[in-house]
Structures are given as C-alpha cells and as structure tokens.
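The values are calculated or read from the model by the stated rules, or taken from the named source; none is laboratory data. In this text, all values refer to a predicted model and were calculated from it rather than measured experimentally. Cβ placement follows ideal geometry from the backbone for every residue including glycine, while neighbour counts extend to all protein chains displayed.
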Amino acid sequence: MGGHHPECPERLSAIQDRLIAAGLDLYLSFYEAPRATFEQLARVHPPEYVESLANMAPERGIVHLDPDTAMSPGTWQAALRAAGAGVLATDLVMAGEVENAFCGVRPPGHHAERAKAMGFCFFNNIAVAAAHALEEHGLARVAVVDFDVHHGNGTEEIFRNDPRVLMVSTFQHPFYPYCGTEHRAPNMINVPVPAGTRGDGFRQVVSDIWLPALTEFEPEAIFVSAGFDAHYEDDMASLGLVEADYAWVTERIKSVAVACAQGRIVSMLEGGYALSALGRSVAAHIKVLADL
C-alpha cells in the first residue's frame, strides 16, 4: 500500500519467522491459497463491485481508494488469494482433512462492506468463507468471532439480520470505524470496550457474553476474524492484551467448536501491526488450535 504503511508484507514474514523460531512449522500442513472465484465473491459482494475493483487495479504505481486503502499492481491478485484462502480452508475443514485452519493472509477483510473497500480491506475474507460454508456445504448455522481491536463493520453489514449467522465481537470504542454500538441486529453481539482495557476485562466479556451466546446458537462451524492489534505493544490502538489472552480466547472458542461444531474452526488474519507482538500472538493462537 506504499512505503511506511502499517499493512505491509513484513507482517506475514514476522508470523512465519516466529512459527519457525518456536518450532511450530514442523507440526503444521501448509497450503497455497487459490484465487477466489467470481461466484464465491458474489455471494457477499455485488458483481459490479468485484468488477470495479478489478478495473481499478493499476499496472504501475499506487491508486488510493481512500486515504488508508490503496491498490498496487499486486493488490488484486493478493486480495483474490486472501479470500480464496478462506474458501480452501473451509473445504479442508468440512472434508475432515484438517480439524481447523489458520489463514495467514493479507490484505485483511473485515472492514470491507458489500460494495465498499475501506480500512485496508477489499474483499470480506471471513464473510466469503462463511458464505461458502452455508451455500456450498449446506450448513444451517455458522458463527463469526471477531477479536480485532477495530469493529468488523463490513462483516456486520453483510450478515445483518441473517439468522444463519451469529457474530460476536469486541472492539475498542470510540475508535475506527466508529460504529457497532447502535441499531444492532439481533444476530450481532457487539461488545465495545474502552481504551485501556486489559486482559481481565476482555476475558470477562468472553466468559459472560460471548460463550453463552455461542453455546445457545450451536454453530456448525466457527469463523474467526483474528486481529492481534489489541496487543499492548501495538500502537495503532490502546488496548492491553498479551499472548496469553489470545491463547485463552482461542481455547474458549475451541471448546465451543468441539461441543457444537465437530471442532471445525477457520481462523483468518485481520489486524496486528507491531511485528514482534503479531508473530508471538499468532504463534500462541496456532499452538492452541493445533493442540501443541
């Protein structure tokens, strides 16, 4: 997205380096993300929006869609693969080839609305994956869990009032994108938390609000918008989570998945811009998913 932009290629390098340093890579299966198809994207984005993004992709230089969100010559293909990763992960999990999957992708997706790119996001990767589970695999109920420091406004807009989808989320408020607290649909469990909230406050929200709602809903698969920018080292925001908090919430999500969804979890990277903290947090998340 241009020099010095926080949503940079080094994010994925930091994750991979940490997995290798922790010895976790030896226990994981790696897959190359395919490109999402037009049909898969059109389940959550209007065809004309998909076409307009394709037409905006530059052959050289940078094209800004808004002050924070830009396309380079490689962005279109990267966005297709980011969305395609969730589709492949869903297929693998539904086939029983893997119990769960983590998609280390960029660009992120949870701010992308049906017909609007914003917040570093172009396609709503988690929504594309969840819709694939509903439409292609015939699931009746799926849950989206979003612990990014920013509210997943795009995911909310796409699945608002869809009884097949329950979304639970926490996010710093007031903070970008300055929504998620008003006119909430009954299938949206949005829990804003103030700046300075640390792990104990986050864990209380998960225990008291998320888990009862998820258990009552009985999802057949869980999709996680895994943003790690609520980490105390991440100066993009002002929350105070640490790696142990991410491991803990992953354990709680996994307990619901085992009880209700045959363990099926697809987790997709969203935010996280302090590179060392990002790598450590993703490693903690994956270690729990992989029972290591």
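Just the residues that are loosely packed, with under 12 Cβ neighbours inside 10 Å, of a type in the set (Gly, Ala, Ser) and under 14 Å from LEU292 (Cβ atoms), please, taken from the range 1-26. Listed by number, the list holds a single entry, GLY23. Cβ-Cβ contacts under 7 Å between residues 6 or more apart (or on different chains), taken from a first residue in the range 1-17 that is under 15 Å from GLY227 (Cα atoms) to a second residue that is modelled with pLDDT of 95 or more and basic (Lys, Arg), are listed as GLU7/ARG106; ARG11/ARG106; LEU12/ARG106. Residue pairs whose Cβ atoms lie under 6 Å apart, sitting 6 or more positions apart in sequence or on different chains, and linking a residue in the range 38-55 that is within 14 Å of GLU135 (Cβ to Cβ) and in contact (Cβ under 8 Å) with a residue 24 or more places away in the chain to a partner that is in a helix (DSSP H, G or I) and among the small types (Gly, Ala, Ser), are ARG43/ALA131; VAL44/ALA127; VAL44/ALA131. Among residues of the range 215-246 being in contact (Cβ under 8 Å) with a residue 12 or more places away in the chain, over 24 Å from PHE175 (Cβ atoms) and over 15 Å from the mean Cα position of the chain (by Cα), the one that is surrounded by the most Cβ atoms within 10 Å (Cβ to Cβ) is PRO219. Taken together, the criteria exclude LEU166 from residues that are more than 23 Å from ALA284 (Cβ to Cβ), without any contact (Cβ under 8 Å) to a residue 60 or more places away in the chain and part of a helix (DSSP H, G or I).
Can you pull out the helices (runs of 4 or more DSSP H) entirely within the range 1-99 that have at least 2 residues that are modelled with pLDDT of 95 or more, out of contact with any strand residue (DSSP E or B) (no Cβ under 8 Å at 6 or more places or on another chain) and within 28 Å of ALA257 (Cα to Cα)? Per the criteria, 10-21, 38-42, 75-94. Select, from ILE209, ILE253, the only residue that is touching a residue at least 60 places away in the same chain (Cβ under 8 Å) and in a helix (DSSP H, G or I). When all the criteria are applied, what remains is ILE253.
Somewhere in the range 65-73, is a residue of a type in the set (S, T, N, Q) and under 21 Å from LEU134 (Cα atoms)? Checking the range 65-73: not a single residue is of a type in the set (S, T, N, Q) and under 21 Å from LEU134 (Cα atoms).
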